[in-house]
Amino acid sequence: MSRGIAAANVKLKRAYETPDAADGFRILVDRLWPRGLMKANAAIDLWAKDIAPSTALRKWFGHDPARWQEFRRRYSEEIHRHRDRLDELRALGAARQITLVFAAHDETHNHAVVLRDVLLGRTAAPMASSGSPHAHPSTHRNRSRT
């Protein structure tokens, strides 16, 4: 459920694009600070690194469009494990214009797209499973592959 967030209230923008007053409240949603971007020039109001994809998931995805649908599913599950942050972002988006700021080059296949869809209620919350909390064995203990 979108909790009253208008789609126009949640924008996406690459971190390397010039900040603009129309961005509203700018939220960096990357776990790592964007390479080469000076903090003084970024105009970031909130760095929500805890809602970014886990390192294991980010490395598994590798921005490979062939893995996009599975990445969307896995990342949506991760997002819902951060209920407090998700609720905070929903409240911000319901109250004002927010811009999810990300560093990825691919503006179509990146985690900010998934996060926006979750915030807007376009992605259903994952079903509780009776299995292991590590629902994605390919992202764990698979360091021997290159």
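Some points to look at:
- Of the criteria (1) in contact with a helix residue (DSSP H, G or I) (Cβ under 6 Å, 6 or more places away or on another chain); (2) modelled with pLDDT of 65 or more; (3) open to solvent by 40 Å² or more (accessible area, probe 1.4 Å), which one residue 120 fails: (3)
- Checking residue 50 against (1) touching a residue at least 40 places away in the same chain (Cβ under 8 Å); (2) loosely packed, with under 15 Cβ neighbours inside 10 Å; (3) under 11 Å from the mean Cα position of the chain (by Cα), the condition it does not meet: (1)
- When 100, 86, 92, 37 are screened for being touching a residue at least 12 places away in the same chain (Cβ under 8 Å), open to solvent by 20 Å² or more (accessible area, probe 1.4 Å) and under 20 Å from residue 122 (Cβ atoms), only 92 passes.
- All of (1) at pLDDT 95 or above; (2) open to solvent by 40 Å² or more (accessible area, probe 1.4 Å) hold for residue 79 with one exception: (2).
- Summed over the stretch 15-34, residues that are of a type outside the set (Asp, Glu) and open to solvent by less than 40 Å² (accessible area, probe 1.4 Å) total 7.
- Entry remark, the stretch 81-112: residues being assigned to a strand (DSSP E or B) and more than 17 Å from residue 15 (Cα to Cα) number 0 in total.
- Per-region count, the stretch 13-34, residues in contact (Cβ under 8 Å) with a residue 12 or more places away in the chain and of a type in the set (Asp, Glu): 2
The values are calculated or read from the model by the stated rules, or taken from the named source; none is laboratory data. The shown structure was predicted, so the numbers you read here are calculated from the model rather than taken from an experiment. No Cβ is skipped: glycine too gets one built from the backbone with ideal geometry, and neighbour counts run over all protein chains shown. Accessible surface areas use protein heavy atoms only, side chains included; no ligands, DNA or RNA. Shrake-Rupley method; radii C 1.70, N 1.55, O 1.52, S 1.80 Å.
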